[in-house]
Amino acid sequence: MPYISTNPSNTSDVVAEIELGTSRDFVDAAQRAKAAQRAWARVPAPVRGQVIGNIGRLVEANFEPLSQLVTREIGKPIAEARGEVQEIVDTANFFLGEGRRLYGQTVPSEMADKQLFTFRNPVGVAAIITAGNFPVAVPSWYIIPALLCGNSVVWKPAEYSAASAQAFYDVFQAAGIPAGVFEILFAEGSETFDGLEQSLRQGLVDKVGFTGSSEVGVRIGELCGRHLQTPCLELGGKNPMVVTEDADLDLAVQGALFAGFGSAGQRCTSLGTAIVHESVYDEFLTRFVEAAAGATVGDPTGDVLYGPLLDEKFALAYEKYLGWIGGHHTVHGPTGRISATSPRNGFTGENGFFYHPAIVSGVRDDDELFLQETFGPLVSVMRYSDLDEAIELGNKPGYGLSCSIYTTDPNKAFRFRAGISAGMVSVNNSTSGAEAHLPFGGNGKSGNGSRQSGVWVLDQFTRWQSMNWDYSGKLQKAQMDTLAIEANLDFRLA
């Protein structure tokens, strides 16, 4: 089945035309990956690390064309697209060295003439399914460590970022990855799920990584559980930002503007609700509304806060979220699609999925706007009276990906960190902003506790194996043939 990927800033601009595969194609790719994996695992880890290093150098050499393609295909502002491509380089640079540090341990035995060892072994075949809002950075978080650890990979990227995905794949292939070790497949959701189910049933896939919605993540988690597998799930977020009474309000507004509206609010780490202390609530809201009104929206190749929504399906979903605005809410400024009948000052876009930034106050903790992820340029604002209340509000939606607190009081920062359920906490910084050597991931509806990036992701793509080597020449039975040292435990000082 054909699929056309268009530029969301100019829907008449066709970026790529691809043919979508079937569940059978997914299984075939998994079979090729399975056949190639053992030979790849036998390549010494430092040599695999050199391949990862090649990837980093090739991405640097193709940095600007890849960045421009990301901007054209998904509408991400060019500055953010360049940051995303840099994330691939950073990840490759980190894991280049990990090829020489896939450490196990030697462990002392309780018996003489016996040694204990631990080893990291590759899992096997990893099926990676990613969203298109970060079409090249997030896949690198999975694929680079998976390959480094000796796994083969079947990657199913989002159809609406097909050109970016193909370019990413082509760069990786040029780095020297053997045939079959890294497979790419374009397919729509139901065919992908069916292909994954068949591959798991046939023992072709040993690890699943998924970035996408919490709803789909639940289905993938259930499927993997039936095959006694634990997937790596990176799902949605309803990320709170707490602004305390002692916060630097100018800094907090800058953070809220970027966290809420950067990438048009289409990050899993985007700001969902600003929870502001009642003593500074009115002042923060006034400044935040002014900042959003003055921000430039439009052509993502220029200097803008954000560009269009990713694709028509995301625009339709966002219209549904706007429908959750009720009579008890106050909307600050226009909402909906920017058009001739609903213009915006300073708008630089044309024929695309461009939307006004929406700030909604008067939000209650039983509102859909508060409880559900609203993937798009929409931020809720509510007040609190004490920090324990703010922490409770931050946890209530049940997500647990990212959060932030703006405060000049270290006590508040550490109390917040201890009480919030999110996997990632920022102090005086945006809810968004990952680094290649820090664990990334969430809890609750945001994920199953798995982590990407840094050394922590190695546990997703390796399995620990222990080995004991007895060279005593006799059978020594653990816990039974151990040496006992006698002591006088009745001894007391006079």
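Taking 11 Å as the cut-off, no amide N atom of the stretch 185-227 comes nearer than this to a point 7 Å along the Cα-to-beta-carbon line of residue 465. Only Cα pairs under 8 Å and 6+ residues apart enter the sum, and on that basis the relative contact order of the chain stands at 19 percent.
Reported to the nearest whole Å, the Cα centre-to-centre distance from the stretch 295-331 to the stretch 356-377 is 12.
Using only Cα atoms, find the angle between the long axis of helix 410-419 and the longest principal axis of the chain, and express it within 0 to 90 degrees, rounded to the nearest 10. It is inclined by approximately 70 degrees. Couplings for the stretch 475-488, taken from phi via the Karplus curve 6.51 cos²θ - 1.76 cosθ + 1.60 with θ = phi - 60°, read 6, 10, 9, 4, 6, 10, 9, 7, 6, 10, 9, 7, 9, 9 Hz in order; Gly and Pro are left as x. Here the extension length gained between residue 4 and residue 428 equals 148.5 nm, from 0.36 nm per residue of separation less the Cα-Cα distance.
Evaluating 6.51 cos²θ - 1.76 cosθ + 1.60 at θ = phi - 60° for every residue in the stretch 247-261, the Karplus couplings come out as 5, 6, 5, 4, 5, 4, 5, 4, x, 5, 5, 6, 5, x, 10 Hz, glycine and proline recorded as x.
Couplings 3J(HN,Hα) of the stretch 103-114, computed from phi: 6, x, 9, 9, 10, x, 8, 7, 10, 6, 6, 8 Hz, in residue order, whole Hz [Karplus 6.51 cos²θ - 1.76 cosθ + 1.60, θ = phi - 60°; x for Gly and Pro]. Mind checking which lysines have their C-alpha under 25 Å from residue 474, skipping anything on the same chain fewer than 8 residues away? Cross-link targets: 114. In this structure, the amide hydrogen of residue 383, modeled 1.01 Å from its nitrogen in the peptide plane, lies closer than 5 angstrom to those of 276, counting only residues at least 5 positions away or on a different chain. Could you work out how far apart the two model spin labels at residue 472 and residue 68 are, taking each label as a point 7 Å from the Cα in the direction of the beta carbon, and quote it in nm? Going by the 7 Å Cα→Cβ label model, 7.0 nm.
For the chain, the longest principal axis of the Cα atoms and the long axis of helix 45-61 meet at an angle of about 20 degrees. Of the GluC sites (Glu not before Pro) found in the stretch 307-399, those in coil by DSSP whose Cβ has at most 13 other Cβ atoms within 10 Å are 350.
Ranked by solvent-accessible area (1.4 Å probe, protein heavy atoms only, all chains present), the residues 409, 303 order from largest to smallest as 303, 409.
Working from Cα pairs under 8 Å separated by at least six residues, relative contact order for the stretch 239-427 is 29 percent.
Where does the charge balance sit around residue 123 when Lys and Arg score +1, Asp and Glu -1, over other residues with C-beta under 13 Å from its C-beta?
Here the charged neighbours net out to +3.
In this structure the amide hydrogen of residue 155, modeled in the peptide plane, comes within under 5 Å of the amide hydrogens of 128, 183, 184, 185, none closer than 5 places in sequence on its chain.
May I ask you to derive the FRET efficiency for residue 489 and residue 115 from their Cβ-Cβ distance with R0 = 41 Å, giving the value to the nearest 0.05? For residue 489 and residue 115, the calculated efficiency is 0.85. For residue 406, nonlocal amide neighbours, meaning residues 5 or more places apart or on other chains whose placed amide H falls under 5 Å from its own, are 242, 243, 244, 428. Assuming R0 = 35 Å, can you tell me the calculated FRET efficiency for the pair residue 283 and residue 219, based on Cβ-Cβ distance, to the nearest 0.05? With R0 = 35 Å, the Cβ-Cβ based efficiency is 0.20.
The long axis of helix 281-294 is offset from the longest Cα principal axis of the chain by roughly 80 degrees. Our summary gives the stretch 187-258 a relative contact order of 26 percent, counting only alpha carbon pairs under 8 angstrom and 6 or more residues apart.
The values are calculated or read from the model by the stated rules, or taken from the named source; none is laboratory data. Note that the structure is a prediction, hence the values are computed from the model and not measured. Neighbour counts run over all protein chains shown; Cβ positions are idealised from the backbone, glycine included. Areas reflect the complete protein model, heavy atoms only, side chains present, ligands, DNA and RNA absent. Shrake-Rupley method; radii C 1.70, N 1.55, O 1.52, S 1.80 Å.
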